[in-house]
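Structure record follows, encoded as structure tokens.
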Amino acid sequence: MSIADRLRAEIAGRRDDLVALTQDLIRIPTLNPPGANYREICDYLDRRLRASGFATELVRATGAPGDSDRYPRWNIVARKSGARAGPCVHFNAHIDVVEAGHGWTVDPFGGLLREGHIYGRGACDMKGGLAASIVAAEAFIAVLPDFAGAIEISGTADEESGGFGGVAYLAERGWFDPARVQHVIIPEPLNKDRICLGHRGVWWAEIETKGEIAHGSMPFLGDCAVRHMGAVIAEMEARLFPALAQKRTAMPVVPEGARQSTLNINSIHGGAPEPPEDDTGLPSPCVPDRCRMVIDRRFLIEEDIAEVEAEIRALLETLREGRPGFDYDIRELHRVLPTMTRRDAPVVGAVARAVRAVFDREAEYVVSPGTYDQKHIDRIGRLKNCIAYGPGILDLAHKPDEWVGVEDMMQSATVMALALHELLAD
Ligand SMILES: [Zn+2]
């Protein structure tokens, strides 16, 4: 039997184990916020991976945003060295899940298996991917115990809230230094036959328009900041949104609607703060003297972030020149540069060939509209040979009755094991 056939058979024999592992992970409710049960899931992974021969280290992101004694930001990094020198392949999965929300028909932390689907918050995003990578690595080690190089598996905190207590913290401390890790696969739910090369960039900013408070019965004695913000929106509608729609990208972003520059108006607040739900009084009549808008601009690898920023400032300056009384402030809240791994990167080729071997068709190359932890591995770790590849349907992430398919996980685990074979067999 060829090594590839032995790997397939080894994975096929581990179906029940893969199901049980996924269920166990779902049953630890690692909700973020607040960042609950990170230690519990790290302890669980620690027991599992040590039993499989991995050396493990638990790393608390002390002092990172969100870290506290009540909700410590624990991460685990496990490493299994082969018999000889060679490269290190690292599987990175985030351990946190978003809130369950409403609309579930099953227990979001029950791990129910029904008709080949495992249900639960985090089933596809991304405990199913984590479980598939663990089973792939264990099967590979069982078939080829004298492999070259090393396999690492990490479970990291806080991806859903920016990754600062997780991958960013580890990357800042050298865990993703290209001298120790050469290939990274992030098993996010991008579908079992798709290779995600990277993501678009992000620029968040808050715009504030200024006015002058006055009695609401005599608005002409003040200056309404909300009307000034209305002028900002009108300018966006007339010129900015059409201009953004013209900026197309060569990045293979999915869904296709995101294959251009986009801007979301995340929120607008003007005038008195919104009263609490139980307030029964009337508002007082005032002309709002300030209005704030948060914008979420997603940009392309072809765009420069300085131009993205300048475009918004130019829009505001046009209004300052043309509109009486218009004044504003703008401040940046958050920025992430776009990233896209080259198609000829070694990890891309290895996974693409494994996808072809399992599905008898070419892998689809995609780019994510939103960001994930690859940004920290690229920008902080300076490690470019990184992709997202894993089982699960992205559209199900963060929704009620989230599930992952057992057969999808089995096929993905086979792809991962075959890729390990290509990268670590020599
Ligand atoms: Zn995710």
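Could you look through segment 243-256, keep only residues that are part of a helix (DSSP H, G or I) and open to solvent by less than 60 Å² (accessible area, probe 1.4 Å), and pick out the one that is nearest to PHE299 (Cα to Cα)?
Among them, the one singled out is LEU244.
Report, by residue number, each residue of segment 350-385 that is surrounded by 15 or more Cβ atoms within 10 Å (Cβ to Cβ) and without any contact (Cβ under 8 Å) to a residue 12 or more places away in the chain.
ARG356
Of everything in segment 257-288 that's in a loop (DSSP other than H, G, I, E, B) and either of a type in the set (Phe, Trp, Tyr) or in contact with a Lys or Arg (Cβ under 7 Å, 6 or more places away or on another chain) (or both), which residue is surrounded by the most Cβ atoms within 10 Å (Cβ to Cβ)?
Only one residue fits best here, namely SER261.
Quick test of your reading of the structure: GLY392 fulfils all but one of (1) on the phi > 0 side of the Ramachandran plot; (2) away from the ligand (no atom under 16 Å from the Cβ); (3) touching a strand residue (DSSP E or B) at 6+ places or on another chain (Cβ under 9 Å). Name the failing condition by number.
It is condition (2) that GLY392 fails.
Of all residues in segment 147-168, how many are away from the ligand (no atom under 12 Å from the Cβ) and either of a type in the set (Ser, Thr, Tyr) or farther than 17 Å from ILE41 by Cβ (or both)?
Qualifying residue count, segment 147-168: 10.
Restricting attention to segment 56-74, report how many residues are free of Cβ contacts under 8 Å to residues at least 40 places away in the same chain, under 30 Å from LEU424 (Cα atoms) and β-branched (Val, Ile, Thr).
1
Look at LEU383 and say whether it is assigned to a loop (DSSP other than H, G, I, E, B) and among the hydrophobic types (A, V, I, L, M, F, W, C).
Yes; evaluated as a whole, the condition is true for this residue.
Please go through segment 398-426 and give me each residue that is surrounded by fewer than 19 Cβ atoms within 10 Å (Cβ to Cβ) and within 16 Å of the ligand (Cβ to nearest atom), ordered by number.
Passing the criteria: HIS398, LYS399.
Which residue out of VAL367, VAL358 is of a type in the set (A, V, I, L, M) and part of a strand (DSSP E or B)?
VAL367
Out of the residues in segment 1-49 that are among the hydroxyl-bearing types (Ser, Thr, Tyr) and modelled with pLDDT of 95 or more, which is surrounded by the fewest Cβ atoms within 10 Å (Cβ to Cβ)?
The residue in question is TYR44.
Counting only residues that are open to solvent by 70 Å² or more (accessible area, probe 1.4 Å) and in a loop (DSSP other than H, G, I, E, B), which one in segment 325-349 is farthest from ASP296 (Cα to Cα)?
Filtering segment 325-349 for residues that are open to solvent by 70 Å² or more (accessible area, probe 1.4 Å) and in a loop (DSSP other than H, G, I, E, B), the one farthest from ASP296 (Cα to Cα) comes out as ASP344.
A quick yes/no check of all residues on (1) of a type in the set (Gly, Ala, Ser); (2) within 27 Å of ILE387 (Cβ to Cβ); (3) free of Cβ contacts under 8 Å to residues at least 24 places away in the same chain:
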position: GLU40; (1), (2), (3): no, no, yes
position: ASP46; (1), (2), (3): no, yes, no
position: PHE54; (1), (2), (3): no, yes, no
position: ILE76; (1), (2), (3): no, yes, no
position: PRO87; (1), (2), (3): no, yes, no
position: VAL98; (1), (2), (3): no, yes, no
position: THR105; (1), (2), (3): no, no, no
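Give the residues of segment 6-18 that are under 13 Å from GLN411 (Cα atoms) and in a helix (DSSP H, G or I), sorted by residue number.
LEU7, ARG8, ALA9, GLU10, ILE11, ALA12, ARG15, LEU18
The values are calculated or read from the model by the stated rules, or taken from the named source; none is laboratory data. A quick note: this is a predicted structure, and the numbers were derived from the prediction, not measured. Cβ coordinates were reconstructed from backbone atoms using ideal geometry, including for glycine residues, and neighbour counts include every protein chain displayed. Please note that ligands, DNA and RNA were not included when accessible areas were found on the heavy atoms of the full protein model with its side chains. Shrake-Rupley method; radii C 1.70, N 1.55, O 1.52, S 1.80 Å.
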